Amino acid sequence: MLAIVLSGGGAKGAYEMGVWKALKKLKIKYQIVTGTSIGALNGMMMVQKDFYKCLKLWKNINYDMLYDNFKKINNSQEMYLTYLNKIIDGGIGTEKIEKIITDNYRPNKLYNSKIQFGVVAYNITTRNVVYATKKNTRPDKLKKYILASATCFPVFKPTKIGTDTLVDGGYYDNLPINLAIDLGATEIIAVDLGAIGFRKKIRNKEIKITYIEPNNKLDSFLMFDSNVTKKMINLGYNDTMKTFNRLEGNLYTFKKGSMTNLYYRYKRKILDICHKLDYVGNFKNIDKIDNPTLKFREIVEDTLTIFKIPVDKIYNSLNINKYLFEELDKTENIEFTKFELEEIKKLFNSAVITKYIYLKLKNCDKINVVFNFFSKEFACAIYLLAVR
């Protein structure tokens, strides 16, 4: 039986929504779902098969849906200061999160589903972990355990269940693989958001586990902004499709075969430029290594990173260069001459350096020897020159 295991991670849970979108596209069927923290809420929706409701929730999420009297946040510093003040005041009330869970909790759908489900919470009264599953928990109580797991203490106030006080399951196991095994999993897809929390040693080493993890750094687990969460949904989708070999790339995502097409289209021109320059940098012997397209892709991704091309889109061999040259044309054109303080500061702007080298190569001008030390930018400039 295949289990989907969802880690905690607050707002990063939007990434798990993207994973679910990819799993649907891949027609991957699962029989078990376990989750901790935001993974408990996403997992509940996965068992109920409320895909579009969950997608709408993440695409429209904002601070007003989660907290009362939350001032508009303009930057990460303001965000952390706001949360710090809330923690000092005793934590944020969980009423609004409880409403989200109540509005989306369908006990009949959940319990009638053939998909097994379990969540992790931590009981700070008894100092014991709580594994709440459909098998061992009444529907009314399971909703409470989902709430307890999904509210990160001390940012949020703990959840009271009878005389017990419960908090986020990440205080015990933020990636509940063992719970999935206990429910009968023979194969696991584990979505690890890399958030703060404890991990338990996996009891059964024979279980096949496919990990899906963000290739890019996700925004803060406290950043509940719809623009940010839409980007994380895309990243979750892209990384999952890459994991299952339907797309390719590392930090960036490309249609299958895009890098091979690009490499063989421009290989001769790139090698001619390198030969003419007597260049021994990143393109050296690229045509002699076992898998030149991987090295070539690394240089392409470096170029996309330098010019801050969005990481959450899917690119192909036709549109990559279009986006690059749009940003190249916007980049400041600097003629480094005296290397005074202001010019030296600009040396730390990779886009400016790359454009400078690119224009020098294009015009067959002499390049100051200092730029030989910028090997990454030099390789990216050669790439740009070859493909324009």
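Tabulated results
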item	result
Crossing angle, helix 13-25 versus the chain [Cα axis fit, 0-90 degrees, rounded to tens]	80
Computed FRET value (nearest 0.05) for Asn112 with Leu26, which takes r as the C-beta separation and R₀ as 25 Å	0.50
The chain: most fluctuating residue of Cys152, Cys274, Cys364 per GNM, C-alpha cutoff 10 Å	Cys364
Spin-label pair Leu294/Lys53, simplified geometry with 7 Å Cα→Cβ offset, distance in nm	4.5
Counted charge near Tyr30, where neighbours are those whose Cβ lies closer than 12 Å (Asp, Glu -1; Lys, Arg +1)	+4
Efficiency of FRET between Asp164 and Lys205 - r from beta-carbon atoms, R0 25 angstrom, step 0.05	0.15
Cβ-defined net charge surrounding Ile209, 14 Å radius [Lys, Arg +1; Asp, Glu -1]	+2
Thr305-Asp103 pseudo-label distance in nm [points 7 Å out on the Cα-to-Cβ vector]	4.0
Descending semi-axes in Å of the chain, equivalent ellipsoid built from Cα gyration tensor	47, 25, 16
Acute angle (nearest 10 degrees) that the helix 350-362 long axis makes with the longest principal axis of the chain, alpha-carbon atoms	30
Dipole magnitude (debye, nearest 20) for segment 288-336, charges at Cβ of Lys, Arg, Asp, Glu	240
Loop chymotrypsin sites (Phe, Trp or Tyr not before Pro), segment 166-257, which have at most 16 other Cβ atoms in a 10 Å radius of their Cβ (DSSP)	Phe198, Phe244
Ser350 accessible area, assembled protein chains, probe 1.4 Å, Å²	40
Gained length - Phe373 relative to Thr125, 0.36 nm times residue gap less alpha-carbon distance	83.4 nm
Accessible solvent surface per residue of the chain, calculated while the other protein chains remain in place, 1.4 angstrom probe, Å²	49
Expected 222 nm ellipticity per residue - DSSP helices of 4 or more, -39500 (n - 2.57), all of the chain, to 500	-14000 deg cm²/dmol
Ranked packing of 174-180, 97-103, most packed first, by mean Cβ within 10 Å	174-180, 97-103
Pair His275, Glu335: separation of 7 Å Cα→Cβ label points (nm)	3.3
Radius of gyration and maximum dimension Dmax of segment 128-251, Cα, Å	16.6, 51
Which listed pairs, of Lys276/Lys355; Lys25/Lys99; Lys59/Lys231; Lys56/Lys217, have C-alpha distances above 21 Å, in listed order	Lys25/Lys99; Lys56/Lys217
Around Leu147: net Lys/Arg minus Asp/Glu count, Cβ-Cβ under 15 Å	+2
Percentage relative contact order, the chain, counting C-alpha pairs under 8 Å, at least six apart	19
For segment 208-288: rounded, prolate or oblate by the Cα gyration tensor [a/c cutoff 1.5]	prolate
Solvent-accessible area, 1.4 Å probe, carbon plus sulfur percent, for the chain	51
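The values are calculated or read from the model by the stated rules, or taken from the named source; none is laboratory data. If you're wondering where the values come from, they're calculated on a predicted model, not measured in any experiment. Here the Cβ is made from the backbone with ideal geometry for all residues, glycine too, and neighbour counts use every protein chain on show. All accessible areas refer to the heavy atoms of the entire protein, side chains included, with ligands and DNA or RNA removed. Shrake-Rupley method; radii C 1.70, N 1.55, O 1.52, S 1.80 Å.
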